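Undergrad: Below: one structure in structure tokens.
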Amino acid sequence: MIEEVMKELQESLDKAIAALRRELSKVRTGRAHPSILDRIRVDYYGVPTPISQMATVAVPDARMLTVRPWERTQVKAVEKAIRESDLGLNPQVDAELIRIPIPALTEERRKEMVKLTKRHGEESKVAIRKHRRDALSMLADLAKEGEVSEDQAERARKKAEDLIADKTKEVDRIVAEREGDIMAV
């Protein structure tokens with residue numbers, strides 16, 4: 001039973017870390033990355049569709065994205081969606097290819113991105129604490145019901161606390177790395 005609780009805790013923590021990485025990949029660092037466009041939806045025959053499902057997104061260099069819609073008729077719709085997004089990008093249409101220069105971030109914008117990064121890190125830590133509380137509650141229930149001894153439950157609690165501490169340090173490390181990427185000029 002203890003192994004199941006620990007395995008479930010490990011899986012939950014891994015998912016929290018993966019979610020943090022996924023969220024941080026969407027935060028702009030001043031360098032071109034296809035995931036920048038993930039949140040943008042294009043009106044594709046009346047259906048809001050992610051750009052990645054209707055076009056090829058490429059990164060020809062560190063400060064440029066290119067978007068090539070699979071249907072030529074959608075070039076204007078994709079350009080409009082990118083222009084109207086809150087990303088502050090200015091797409092340029094070149095026949096059936098949309099070039100999106102990625103402007104360098106201003107100091108103020110970099111600080112906003114760092115705040116956003118820290119907020120994502122804190123949300124991840126909140127999720128980790130929730131999983132910790134759930135796991136410790138399950139271990140206490142096992143001990144109370146007599147399915148495991150108090151000593152076994154205490155060893156499992158210590159092991160869980162060590163695992164939580166490691167994952168919290170990993171979150172801090174990931175956030176610090178991302179902050180470094182953002183603040184690098």
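Undergrad: Just checking, does the range 146-156 include any residue being surrounded by fewer than 14 Cβ atoms within 10 Å (Cβ to Cβ) and at positive phi?
TA: Step one: list which residues in the range 146-156 are surrounded by fewer than 14 Cβ atoms within 10 Å (Cβ to Cβ), which gives 146-147, 149-151, 154.
Next, only the ones that are at positive phi stay: 146.
Looking for residues that are surrounded by fewer than 14 Cβ atoms within 10 Å (Cβ to Cβ) and at positive phi, one finds at least one in the range 146-156, hence yes.
Undergrad: Can you go through A95, A77 and tell me which one is of a type in the set (A, V, I, L, M, F, W, C) and in contact with a Phe, Trp or Tyr (Cβ under 8 Å, 6 or more places away or on another chain)? Please lay out each step first, then the result.
TA: Working: A95 fails: in contact with a Phe, Trp or Tyr (Cβ under 8 Å, 6 or more places away or on another chain).
The conditions single out A77.
Undergrad: Which is more than 29 Å from A58 (Cβ to Cβ) and buried (at least 17 other Cβ atoms within 10 Å of the Cβ), of I102, I128, I98? Quick ask: steps written out before the conclusion?
TA: Details: I102 fails: more than 29 Å from A58 (Cβ to Cβ); I98 fails: more than 29 Å from A58 (Cβ to Cβ).
Going through I102, I128, I98 in turn, the sole match is I128.
Undergrad: Which one is modelled with the highest pLDDT among residues in the range 129-185 that are outside any helix (DSSP H, G or I) and within 30 Å of T29 (Cα to Cα)? If you could, list the steps in order and put the result at the bottom.
TA: So in the range 129-185, the residues outside any helix (DSSP H, G or I) come out as 145-149, 184-185.
Next cut, within 30 Å of T29 (Cα to Cα) only: 184-185.
Details: A184: 77, V185: 62.
Only one residue tops the list, namely A184.
Undergrad: Select from the range 28-39 the residues that are surrounded by fewer than 20 Cβ atoms within 10 Å (Cβ to Cβ) and touching a helix residue (DSSP H, G or I) at 6+ places or on another chain (Cβ under 6 Å) and list them in ascending order.
TA: Answer for the range 28-39, where residues must be surrounded by fewer than 20 Cβ atoms within 10 Å (Cβ to Cβ) and touching a helix residue (DSSP H, G or I) at 6+ places or on another chain (Cβ under 6 Å): just S35.
The values are calculated or read from the model by the stated rules, or taken from the named source; none is laboratory data. Because the structure is predicted, anything quoted here is derived from the model rather than measured. When we count neighbours, we look across all protein chains shown, and the Cβ atoms used for this are built from the backbone with ideal geometry, even at glycine.
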